[in-house]
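See structure below.
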Amino acid sequence: MSGRSTSARAFAPASVGNIGVGFDVLGHVIEGPRDIAQVRRIDTPEVRIESISGVVEGADRLPLTAADNTAGRALQSLRAALSLPFGFALTLEKGIPLGSGLGGSAASCVAALVAANALLDAPLSREALYPFALDGESVASGARHGDNVAPMLLGGVTLSTADRLIALDVPDWLHAVVVHPEQVLETRRSRAVLAEPYALHDVVLHSTHLALFLTGLQRGDRELVRAGLHDVLVEPRRAPLIPGFAAVKAAALAHGALGASISGGGPSVFAWFDSRAAAEQAAPAMRAGFIDAGIDAQAYVSPVAGPRADVIAAVQPGAGA
């Protein structure tokens, strides 16, 4: 593979899954926490996870068995689909807290895929990587949904289905505050509270909000985004699982947020604002909502059109690993 890199390092950013009104289909990425994957091309036709580290509590307890790890499973899926005669050795650096609602499990598999893709003789498009990312994400959530992996692959805001991902228009004035409390809420637990059926009236209202929200994004219309960013299905059932949520959301709305809700499966909370200045002013008050509930928290301010996952560095043959 003359000229092809033997090792690559890539990052994937944190994400806000669902964006309230788009359960399992909408998501966006943010500047801030990120996972990093280092992938080496090896002669043995296997996927091997060599280490998992990072500042995140519990990172050392994540599985090293490839099939049980989101990143390992994604690379196994890539190898099998392309019938690759070689394998990958992987190390992960976790920067996104576990069980945070910030897409940590998705970030690991997307970072690994982006790094491994740089080592292929014929690298794939981001769209072509999508099914392998879904395979990886399913290890953590038990379902193949792209609301986290899709925006990580494309950047910004995306709409994702079982077989496609679409980048959506994002006005550059849109900014988000994402507040992560020092608590863990496992994805499977937060999905379990959604099992009971919903009333038709609520489903129709939710669909109305989603339509307004998407139209507002496409037109760059603040008031349509504001009118649409109301989750009447998922948020009411998940909010009781998050101490301090009501206060955090109230603080966001009091500071002029276009809307606020739960990030992914929680416990993180996000809010959208029509300027960076408004977001920065609201962030301390939102963080205080958790602190007043006795829970420390971190607040991040980011453009809604956040960065996509990308290669940080690649090593050419002969240059050392």
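The values are calculated or read from the model by the stated rules, or taken from the named source; none is laboratory data. Worth saying up front: this structure is predicted, and the values here are computed from it rather than measured. Glycine also receives a Cβ, built like all others from the backbone with ideal geometry; neighbour counts cover every protein chain displayed.
Points to keep in mind about this one:
- Entry remark, the stretch 101-128: residues being surrounded by fewer than 24 Cβ atoms within 10 Å (Cβ to Cβ) and not polar (S, T, N, Q) number 10 in total.
- Exactly one residue out of ALA89, ALA111, ALA14, ALA8 is hydrophobic (A, V, I, L, M, F, W, C), outside any strand (DSSP E or B) and modelled with pLDDT of 95 or more, and it is ALA111.
- Evaluation of THR208 against the conditions (1) assigned to a helix (DSSP H, G or I); (2) touching a residue at least 40 places away in the same chain (Cβ under 8 Å) shows that the sole unmet condition is (2).
- Residue ID - farthest from LEU258 (Cα to Cα), chosen from residues in the stretch 149-181 that are hydroxyl-bearing (Ser, Thr, Tyr) and in a strand (DSSP E or B): SER160
- Options ARG308, ARG226, ARG287: the member that is outside any strand (DSSP E or B) and not assigned by TED's automatic domain parsing to the domain that holds GLU196: ARG308
- Within the stretch 157-179, the residues that satisfy the criterion of being among the hydroxyl-bearing types (Ser, Thr, Tyr) and buried (at least 24 other Cβ atoms within 10 Å of the Cβ) are THR158, SER160.
- Among the residues of this structure, ARG219 counts as one that is surrounded by fewer than 14 Cβ atoms within 10 Å (Cβ to Cβ) and under 15 Å from ASP169 (Cβ atoms).
- Pairing each residue of the stretch 54-67 that is under 20 Å from ARG34 (Cβ atoms) with any residue that is assigned to a loop (DSSP other than H, G, I, E, B) and small (Gly, Ala, Ser), provided the two are 6+ apart or on different chains, yields C-beta distances under 6 Å for GLY54/GLY95.
- The set of residues in the stretch 170-198 being touching a Leu at 6+ places or on another chain (Cβ under 9 Å) and modelled with pLDDT of 95 or more consists of VAL170, PRO171, LEU174, VAL178, HIS180, TYR198.
- Identity of the residue in the stretch 28-68, in a loop (DSSP other than H, G, I, E, B) and of a type in the set (Asp, Glu), that ends up surrounded by the fewest Cβ atoms within 10 Å (Cβ to Cβ): ASP43
A quick yes/no check of all residues on (1) charged (D, E, K, R); (2) assigned to a loop (DSSP other than H, G, I, E, B); (3) over 24 Å from SER105 (Cα atoms):
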{"site": "GLN218", "(1), (2), (3)": "no, no, yes"}
{"site": "ARG237", "(1), (2), (3)": "yes, no, no"}
{"site": "GLN281", "(1), (2), (3)": "no, no, yes"}
{"site": "GLN298", "(1), (2), (3)": "no, no, no"}
{"site": "VAL301", "(1), (2), (3)": "no, no, no"}
{"site": "ILE312", "(1), (2), (3)": "no, no, no"}
